[in-house]
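The values are calculated or read from the model by the stated rules, or taken from the named source; none is laboratory data. In this text the structure is predicted, and so the values were computed from the model without any measurement. No Cβ is skipped: glycine too gets one built from the backbone with ideal geometry, and neighbour counts run over all protein chains shown. Remember, those area values only see protein heavy atoms, side chains included, never the ligands or the DNA or RNA. Shrake-Rupley method; radii C 1.70, N 1.55, O 1.52, S 1.80 Å.
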Amino acid sequence: MPRLPHATACRGLDAVLAYCRDWEARRAGLPLDTDGVVVKLDEVAPREGLGWTAKAPRWAVARKFASQAARTRLTAITWQVGRTGALTPVAELEPV
């Protein structure tokens with residue numbers, strides 16, 4: 001998976017939120033699709049104090065961007081036959 005070399009150290013919550021807003025505004029011009037940024041605590045001692053959930057560290061949080069909405073055109077509806085013989089309609093859409 002491609003990675004962007006734009007990691008930045010932020011001092012304080014306001015700087016982190018400004019960084020997230022900046023990338024949300026710039027994401028349309030990126031060469032790949034992205035849905036957010038990951039914010040990680042850099043200092044080791046507070047990391048140990050925060051600990052882990054059952055699946056992930058509490059010192060690394062994904063900040064998701066707002067959803068994008070766009071109009072597209074429905075070009076056709078085709079039918080798909082499942083393994084049990086059930087028919088399911090499938091929408092064929094123009095790319096956005």
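Structure notes:
- Matching residues, segment 36-63, being surrounded by 13 or more Cβ atoms within 10 Å (Cβ to Cβ) and within 30 Å of residue 93 (Cβ to Cβ): 36, 37, 63
- Within segment 64-96, the set of residues being open to solvent by less than 80 Å² (accessible area, probe 1.4 Å), at pLDDT below 95 and either in contact with a Phe, Trp or Tyr (Cβ under 9 Å, 6 or more places away or on another chain) or of a type in the set (Val, Ile, Thr) (or both) comprises 65, 72.
- Pairs meeting the criteria (first residue in segment 51-68 and among the small types (Gly, Ala, Ser), second residue part of a loop (DSSP other than H, G, I, E, B), beta carbons under 7 Å, at least 6 apart or on different chains) are 51/58.
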